[in-house]
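**Q** Before we start, here is the structure in question, set down as structure tokens.
The values are calculated or read from the model by the stated rules, or taken from the named source; none is laboratory data. If you're wondering where the values come from, they're calculated on a predicted model, not measured in any experiment. In this analysis, Cβ positions are derived from the backbone assuming ideal geometry, glycine residues included, and neighbour counts consider all displayed protein chains. Side chains included, ligands, DNA and RNA excluded: accessible areas come from the protein's heavy atoms. Shrake-Rupley method; radii C 1.70, N 1.55, O 1.52, S 1.80 Å.
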Amino acid sequence: MKNGDSFQQQRRACIRIIGGGAVIVSAGLLTGCHFEAENDEQVHFKGEADGDLRKHLLKKAALAPSSHNLQPWLIDLRGSKDSMTLRADPERLLPVADPYARETLISLGCFLEVLSMAVQANGNQCEIILFPDGDEPQLMPIASVIAWIRIIPLSQPPLPDPLFSMVEQRRTNRRPYELQRAVSEDILRALRGVANTHGIHAAGCVEPSLVKKINHLAANAWRTEMSNNDAVLESLRLTRVGRKEIEAHRDGIAVSGFLPEMAAIFGLFPRDRVPEPDSALMLDMIATGEEQAQTAAGWIWLYSQGNSYAQQIAVGRAFVRLQLAAALYGIAMQPMSYLLSEAPQMQPHRKEFYAKVGFDPNQYHLQMLVRIGYAASVSAAPRRRLNDFIQE
Ligand SMILES: Cc1cc2nc3c(=O)[nH]c(=O)nc-3n(C[C@H](O)[C@H](O)[C@H](O)COP(=O)(O)O)c2cc1C
């Protein structure tokens, strides 16, 4: 069970699994789990950065969020001690959920923003040159160098970014959010203000009647997502059950604890096939995602005018700032990216969303949609080791 869950909660879960055969681990598969690593030390880096400043900075940057926690960054440290090259790891893509690598670029944008903040906190300036080999539209961005990064010493150290202090506390919170607790317009305004950066726009709503409508449509869209076998399978394959698997991979959606591990042992937690539509696991996955959608106390969406690779990187930069600010205000946040899926069956839901919030898809590109609210904190998701993503 997740840290902090009460004995009663654990007992209830236990009864559920024993009684109905229902596997309550589903939240970890596609919507996020409540059975994460038992303490944050398990998931954060161990080992030294051997005195290389870049490695210290990269450890911070790797705490950035990424789609399905794939951590698609690959860093080349060969060359001068004040520079590095960022590429996307071609082994860490999501062909079904993210066929054009848009979410991969957003994840790399998150990484670059946290790296840049870390450099600044260190008293230096971070120069980032995107797509130095040229941003050819016909070329899949993952084949190119994403960025050249240079650390420039400053005679006058810059003021630290207040959001940087939240890098280790920031989390994606997939719990149900408190139904009785509204998010104020003031907080929404402040969050939107933070996310309106790098040329990206942020909008949102906390007005209860509109929130309710969006919650309802997000829950419907989730049911549609759950009928997309390819998407379900892709997520299942990235689920890591139990300490051994989490430790071996240190990525993906981590699910640990006695119950899910037992479920996996008894074959109730398949990752090589889609569970039957009426299986306990599938029903629970559907219910978990619906509950997440239905308990949102507000929604924020990021959008851009245009959809270039550089803009997708900028979305990531804006998004991680938004999430860090949410952490600062004690607001729980979870992206709900399935509504932005390219799958044809999702398009009616997307259109409904546009109509409800007055979004003009002919003028703007919707890039991120997140739910917000209040919830108990969650523990940190695993991260790969430094040596797993650097080349030196
Ligand atoms: C582009 C992008 C899309 C994401 N989409 C989802 C999503 O649809 N559902 C979800 O629960 N989390 C989503 N996340 C959050 C990641 O799953 C999360 O960052 C990752 O698991 C690491 O966990 P952490 O944010 O707590 O460090 C997304 C993150 C990014 C950067």
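**Q** Determine the pairs where a residue that is over 20 Å from THR295 (Cα atoms), located within the stretch 171-198, has a partner that is away from the ligand (no atom under 16 Å from the Cβ) and assigned to a helix (DSSP H, G or I) with Cβ atoms under 9 Å apart, the partner being 6 or more residues away or on another chain.
**A** ALA190/TYR329
**Q** Additional query: Could you identify the single residue in ALA202, ALA219 that is touching a strand residue (DSSP E or B) at 6+ places or on another chain (Cβ under 8 Å), surrounded by 14 or more Cβ atoms within 10 Å (Cβ to Cβ) and among the hydrophobic types (A, V, I, L, M, F, W, C)?
**A** Working: ALA219 fails: touching a strand residue (DSSP E or B) at 6+ places or on another chain (Cβ under 8 Å).
Residue meeting the stated conditions: ALA202.
**Q** Another question, if that's okay. Test each condition in (1) more than 15 Å from the ligand (Cβ to nearest atom); (2) open to solvent by 30 Å² or more (accessible area, probe 1.4 Å) for ASP76 and report the one that comes out false.
**A** (2)
**Q** With the checklist (1) modelled with pLDDT of 95 or more; (2) under 28 Å from ILE331 (Cα atoms); (3) in a helix (DSSP H, G or I) in hand, flag the one item GLU234 doesn't pass.
**A** Condition not satisfied by GLU234: (2).
**Q** Right, next: Just need a number here: residues in the stretch 206-265 that are farther than 29 Å from TRP73 by Cα, polar (S, T, N, Q) and within 20 Å of the chain's Cα centre (by Cα).
**A** Of the residues in the stretch 206-265, 1 are farther than 29 Å from TRP73 by Cα, polar (S, T, N, Q) and within 20 Å of the chain's Cα centre (by Cα).
**Q** Further question on the same structure: Could you tell me whether GLU290 is charged (D, E, K, R) and within 16 Å of the ligand (Cβ to nearest atom)?
**A** Yes; evaluated as a whole, the condition is true for this residue.
**Q** Residue check: is ARG240 of a type in the set (D, E, K, R), open to solvent by 10 Å² or more (accessible area, probe 1.4 Å) and closer than 27 Å to ASN387 by Cβ?
**A** So ARG240 passes the test.
**Q** Would you say VAL378 is within 14 Å of the ligand (Cβ to nearest atom), within 25 Å of ASN173 (Cα to Cα) and outside any loop (DSSP other than H, G, I, E, B)?
**A** Spelling it out, it is not the case that VAL378 is within 14 Å of the ligand (Cβ to nearest atom), within 25 Å of ASN173 (Cα to Cα) and outside any loop (DSSP other than H, G, I, E, B).
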